[in-house]
Amino acid sequence: MLDEIYDKLIKRIRSYHPSDNLSMIGKAYTIAKEAHENQLRKSGEPYIIHPLEVAFILADLELDIESIVAGILHDVVEDTDYTLEDIEHLFNKEVALLVDGVTKLGQIQYTSQNKQLQKEEIQAENYRKMFLAMAQDIRVVLIKLADRLHNMQTLKYMPPQKQKEKAEETLNIYAPIAHRLGICKIKAELEDLSLRYIDAEMYYDLAHKIAKKRVERIQYIEDIVNQIKVKIEEAGIKAVVEGRPKHFFSIYKKIVNKSKTLDQIYDLFAVRAIVSSVKDCYGVLGIIHELYTPIPGRFKDYIAMPKPNMYQSLHTTLMGVEGTPFEMQIRTEEMHRTAEYGIAAHWKYKEGKKDGTVQDQSEEKLTWLREILEWQRDMSDNQEFMNALKVDLDIYTDQVYVFTPKGELLTLPKGSTPIDFAYNIHSDVGNKMVGAKINGKIVTFEYIIKNGDRIEILTAQNSKGPSRDWLNIVKSTQARTKINQWFRKQFKEEDSIKGKELLEIAAKQRGYHLSYLTDSLVVDTICKRYGMKTWDAICAAIGYGSMKERQIIQKLIDETLKVKKELVTPEQILQSHNQDHTAATQQKNRKHSSGIIVKGVGDIAVRFSKCCGPLPGDDIVGYITRGRGVSIHRKDCVNIHYMPEEERDRLIDAEWLQEKEVAKRTYVTEIQITCLDRLGIIVDISKILTDMKLPVKSFNAKTIKNNAVFNVKIEITDIYQLEELTRKIEQLRDVLEIIRVSS
């Protein structure tokens, strides 16, 4: 079986590759077969089948020898004893770099099982790594796409939860990447396979219904194909005319997005004509429009105005016999190759070409990638980065085509405004913009650009610069990034001061002093990670709001733990508070002035966290801080729930003293009361507080719509007294809700 797959691979490579020397592939197969000898896949098959199938997918894309060798070896470094140095020695540096790139991409994780809040950040990091890998060598991502495609083809052997997780990851990350690289062949299969596991019921229902009418639809499309062939031959044009079914996911999107039933979707099949020249494309278009009635507004010329992923073709929707519409695509052979293989279609063989010019020419076609690499450096906040990506990678986002005053054609996202156009021209044009003319008439900044608009931007040297309101108007990532850059530059100093203050607060909440976490080695690492030149730049980004202080503090803690390997252990921290450890152990249940017993420890400094405000009666846990004793939290505190694993060894058991004298202590807690805004409600609440003799520390009121909201801070002895207070207030007329506030 293995030899059959290998022979199939060699046969496919020979069908397109100009060289007869395929010894490197044979060598890679021998090494991979030996390295994976005792490994099995979930299906029970020998593991070597997977890298061979990945290599075959790459050969189907007609990639070069180095890519196919890397495809065969892509799991060797991660799963066996071979190193990158071994790969470079046995093959060459190019293969080693490709294997290294794929290995690094394979280490990224998409989901976090119990940390939903981090999911977006993890996904953003995945995209960042993906784009950086593309910048280094686009073939790394092509290999990763082939790897993912074969994994999806064999996903049935995985547990159901894993199937759904992988399918969502594929649909959200890999399919859009394949689309932007123009590889329709892989993108369509990835989407269909993902749908099978994300919405299995819909997938199999579609499959059943489409199969049911398959015969009549095939007959219908064959009749159209035959009619078109006859007319094209009569015109003396050589063309390949064929029908093709639309893939399930595109049908699924129409059903979901346009609320249609399958019977209402007539273009389940499309007809495609492949000709030899651009002239013939337009010739066939004329013939088709004579033969069938074109549906108004359904013609798109992607030859004159290609899509950002290099796709070119003529699209027209026509009314067929018996009033049934169908879609027609007309393209040249080269356009068809690009539509199917995308960037891979432009990867030529480099035998005898060591200057890399061919790769440079291929990357020229990926202007969108260079733009992403440029603006992602200015987006250190992962939320902002992901929001921008969803716009930029959205495979269903349409474009509008507009003209400069000189008649140059530009492409912008649908929904763009004159501000987007200005920043597309140049940052200075956008920053000095004071107005715009569309087709010779003055328009507002909010004007939505339409196809064919001729746009002129009005600028002034004394312009005050962009307005923050523009951020709510612009559509394109490029414009949003450049506006943010302008504001960062204007207020950098005050943003830096504000950022440092926010970092100090975040550090204290985690039990650290900021100075302890800002070792020069750690700061250098953080700056490199986020593409910032200085620590002040990071602080300024936090002050501006484009980076989150908690995110940076966590990275600082992680790096500090790596750099300062001599970090004291939690036990050593506790010992520093107990001059005599033996004496402390003997008095481990000693009474504490705080009313807290920290198990196994003597009289250590204890403080109550402000984030959750624990009260006697709450389930509590201690957190060992550096230099400030033990911080007491409720066990359901959000900061404890989302604490990183490496920090959890600093948690320590704690409990409330049950003795009577503890009742003499009071604790400040805050409740929020929401009620209908009626006259006298404040008096009613105040009377209960007075009757219960509860000292009020603060009492704030505000109205939201028709409701009154009161935030009351009170001194209280325990959770039971708080429950009694809550019960009494709930009995008041018009009280809607009472919650305990956590900061």
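Values as computed for the structure displayed
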{"quantity": "Filtered residue count, region 522-536, keeping only those that are outside any loop (DSSP other than H, G, I, E, B) and more than 24 Å from the chain's Cα centre (by Cα)", "calculated": "5"}
{"quantity": "Residue within region 183-203 that is farther than 30 Å from H50 by Cβ, surrounded by 12 or more Cβ atoms within 10 Å (Cβ to Cβ), at pLDDT 80 or above and not assigned by TED's automatic domain parsing to the domain that holds S43 present", "calculated": "no"}
{"quantity": "Counted residues, region 435-473 - those being of a type in the set (D, E) and either in a loop (DSSP other than H, G, I, E, B) or on the phi > 0 side of the Ramachandran plot (or both)", "calculated": "2"}
{"quantity": "Any hit, region 218-236, residues being outside any helix (DSSP H, G or I), modelled with pLDDT of 80 or more and more than 39 Å from the chain's Cα centre (by Cα)", "calculated": "yes"}
{"quantity": "Residue list for region 682-713, restricted to those being assigned to a strand (DSSP E or B) and of a type in the set (S, T, Y)", "calculated": "S698, T703"}
{"quantity": "Within region 314-333, considering residues that are of a type outside the set (S, T, Y) and in contact with a helix residue (DSSP H, G or I) (Cβ under 8 Å, 6 or more places away or on another chain), the one surrounded by the fewest Cβ atoms within 10 Å (Cβ to Cβ)", "calculated": "V321"}
{"quantity": "Complete set of residues in region 474-504 that are assigned to a helix (DSSP H, G or I), polar (S, T, N, Q) and over 24 Å from Q551 (Cα atoms)", "calculated": "Q478, Q490"}
{"quantity": "Hey, E165 in contact with a helix residue (DSSP H, G or I) (Cβ under 8 Å, 6 or more places away or on another chain) and in contact (Cβ under 8 Å) with a residue 12 or more places away in the chain or not", "calculated": "no"}
{"quantity": "Matching residues, region 714-743, being within 41 Å of the chain's Cα centre (by Cα) and either part of a strand (DSSP E or B) or not polar (S, T, N, Q) (or both)", "calculated": "L736, E737, I738, I739, R740, V741"}
{"quantity": "Residues of region 44-64 satisfying the condition of being buried (at least 22 other Cβ atoms within 10 Å of the Cβ), in a helix (DSSP H, G or I) and among the β-branched types (V, I, T)", "calculated": "V54, I57"}
{"quantity": "Residue in region 89-96 that is closer than 25 Å to G182 by Cβ, touching a Lys or Arg at 6+ places or on another chain (Cβ under 9 Å) and among the aromatic types (F, W, Y) present", "calculated": "no"}
{"quantity": "Selection count where residues are buried (at least 17 other Cβ atoms within 10 Å of the Cβ) and either part of a loop (DSSP other than H, G, I, E, B) or modelled with pLDDT of 75 or more (or both), scope region 385-409", "calculated": "2"}
{"quantity": "Region 282-313 - residue that is of a type in the set (S, T, N, Q) and outside any strand (DSSP E or B) and, of those, farthest from I224 (Cα to Cα)", "calculated": "N309"}
{"quantity": "Some residue of region 480-489 being within 29 Å of D420 (Cα to Cα), of a type outside the set (D, E, K, R) and in contact with a Cys (Cβ under 8 Å, 6 or more places away or on another chain)", "calculated": "no"}
{"quantity": "Within region 65-83, tally of residues that are more than 29 Å from the chain's Cα centre (by Cα) and outside any helix (DSSP H, G or I)", "calculated": "4"}
{"quantity": "Set L502, L521, L458: member being under 30 Å from K610 (Cα atoms) and of a type in the set (A, V, I, L, M)", "calculated": "L502"}
{"quantity": "Qualifying residue in region 445-460 (condition: in contact with a helix residue (DSSP H, G or I) (Cβ under 7 Å, 6 or more places away or on another chain), farther than 26 Å from K307 by Cβ and surrounded by fewer than 21 Cβ atoms within 10 Å (Cβ to Cβ))", "calculated": "yes"}
{"quantity": "Extreme residue, modelled with the lowest pLDDT, among residues of region 237-264 that are part of a loop (DSSP other than H, G, I, E, B) and β-branched (V, I, T)", "calculated": "T261"}
{"quantity": "Qualifying residue in region 657-671 (condition: in contact with a helix residue (DSSP H, G or I) (Cβ under 9 Å, 6 or more places away or on another chain) and within 26 Å of S609 (Cα to Cα))", "calculated": "yes"}
{"quantity": "Test result for Y204, out of contact with any Pro (no Cβ under 9 Å at 6 or more places or on another chain), farther than 23 Å from A146 by Cα, free of Cβ contacts under 8 Å to residues at least 24 places away in the same chain and aromatic (F, W, Y)", "calculated": "yes"}
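Matching residues to (1) at pLDDT below 80; (2) outside any helix (DSSP H, G or I); (3) in the same structural domain as Y720 (by TED's automatic domain parsing); (4) farther than 30 Å from W486 by Cβ:
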residue	(1), (2), (3), (4)
G543	no, no, no, no
L574	yes, no, no, yes
T582	yes, no, no, yes
D603	yes, yes, no, yes
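The values are calculated or read from the model by the stated rules, or taken from the named source; none is laboratory data. Bear in mind that the values here come from a model prediction, so they are computed numbers and not experimental data. Please note: Cβ atoms are built from the backbone with ideal geometry, for glycine as well, and neighbour counts cover all protein chains shown.
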